[in-house]
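Bear in mind that the values in this text are calculations on the coordinates, not laboratory data. The structure displayed is predicted, hence computed values, not measured ones. Note that we place each Cβ from the backbone using ideal geometry, even for glycine, and neighbour counts take in every protein chain shown.
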Amino acid sequence: GIQVEQSPPDLILQEGANSTLRCNFSDSVNNLQWFHQNPWGQLINLFYIPSGTKQNGRLSATTVATERYSLLYISSSQTTDSGVYFCAVSQFTGNTPLVFGKGTRLSVIA
Amino acid sequence: DTAVSQTPKYLVTQMGNDKSIKCEQNLGHDTMYWYKQDSKKFLKIMFSYNNKELIINETVPNRFSPKSPDKAHLNLHINSLELGDSAVYFCASSQVRQAPQHFGDGTRLSIL
């Protein structure tokens, strides 16, 4: 099955810093989503981005499907950005499920 | 106005018991999912239903049985609970099969 690798596994930032999280996948995909799991365990959908670039406030994401990677940019980080960021992909061949990466754990320090 | 709600939030029970987790979504979505998140935070799909029809059934022990009485509800029943079932179980929904998924807050299951 498809493999999803996220890097870095852990990241510590000072408040106000910028960061880039990476997601590599082993095969072509038609579905890619980024999620944030906050310290209370809630999973929030950040982006649905099988290709191209999207922005939402301080967050933006870019997927280069032909090169099999996606990037999540966090600018001017805040302590509320702390948590685990997951990338998940699927190949649209029938009822294929989302396959999640192991996540990047982000800690933003005041 | 919770979009995807699961009950209970916490479930503590003994090995061998049978328990159920309920999930409801008020988003009008056609597709619903159950995921398991283990102690290392790894998320894995268990089941998916589309308009009450089972469409994804990953390698899950048959002690786990999903049930979808209508497209807004997807429940999970677990028989003969084992220590290894301890995890956080998430329900999710999406408008159609490959659309953005929205998650409930999770049910933390602890087996004593």
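Beta-bridge orientation, the protein assembly as shown: approximately 90 percent antiparallel, per DSSP, counting only bridges with both partners inside. A Förster radius of 41 Å, combined with the Cβ-Cβ distance separating A:Thr20 from B:Asp70, puts the computed FRET efficiency at roughly 0.45. Take A:102-109, A:52-59 and order them by the average number of nearby Cβ atoms within 10 Å per residue, most first; the result is A:102-109, A:52-59.
Peptide B:35-42 has a mean of 3 when you count, residue by residue, the C-beta atoms of other protein chains within 10 Å of its C-beta.
Which residue, B:Met46, B:Met15, B:Met32, has the most motion in a Gaussian network model of chain B that connects Cα atoms within less than 10 Å? Result: B:Met15 has the largest fluctuation of those listed. Restricting region B:9-112 to trypsin sites (Lys or Arg not before Pro) that sit in a DSSP loop and have at most 10 other Cβ atoms within 10 Å of their own Cβ leaves B:Lys40. The phi-based Karplus calculation (6.51 cos²θ - 1.76 cosθ + 1.60; θ = phi - 60°) puts the 3J(HN,Hα) values of region A:37-50 at 9, 6, x, 8, x, 6, 9, 10, 6, 8, 8, 10, 8, x Hz, whole numbers, x for Gly and Pro.
Around the Cα centre of region A:1-87, unit charges on the Cβ atoms of Lys, Arg, Asp and Glu (plus for the first two, minus for the last two) sum to a dipole of about 180 debye.
In this simple spin-label approximation, A:Ser7 and B:Tyr10 carry label points 7 Å from Cα along the Cα→Cβ vector, and these lie 4.0 nm apart. Based on the alpha-carbon gyration tensor of the protein assembly as shown and its eigenvalue square roots a ≥ b ≥ c, which shape applies: rounded if a/c is under 1.5, prolate if not and a/b is larger than b/c, or oblate? Judged from the Cα gyration tensor, the protein assembly as shown comes out prolate (a/c at least 1.5, a/b above b/c).
Among the chymotrypsin sites (Phe, Trp or Tyr not before Pro) within region A:18-106, which fall in a DSSP loop and have no more than 15 other Cβ atoms within 10 Å of their own Cβ? Loop-located and lightly packed - A:Trp40, A:Phe92. Projecting the Cα atoms of B:Asn51, B:Val96, B:Leu81 onto the charge dipole of chain B, computed from C-beta unit charges around the Cα centre, puts B:Leu81 farthest toward the positive end. A straight chain from A:Trp40 to A:Gln55 at 0.36 nm per residue would run longer than the Cα-Cα distance by 2.9 nm. Computed 3J(HN,Hα) for region A:60-70, one whole-Hz value per residue from the Karplus formula 6.51 cos²θ - 1.76 cosθ + 1.60 where θ = phi - 60°, is 9, 9, 9, 10, 10, 4, 5, 9, 6, 8, 9, glycine and proline marked x. Loop-resident GluC sites (Glu not before Pro) (DSSP state other than H, G, I, E or B) in region B:21-112 with no more than 14 further Cβ atoms inside 10 Å of their Cβ: B:Glu58, B:Glu82.
Taking a straight Cα-Cα cut-off under 17 Å and skipping sequence neighbours fewer than 8 places away in the same chain, the lysines within cross-link reach of B:Lys22 are B:Lys9, B:Lys36, B:Lys52, B:Lys67, B:Lys71.
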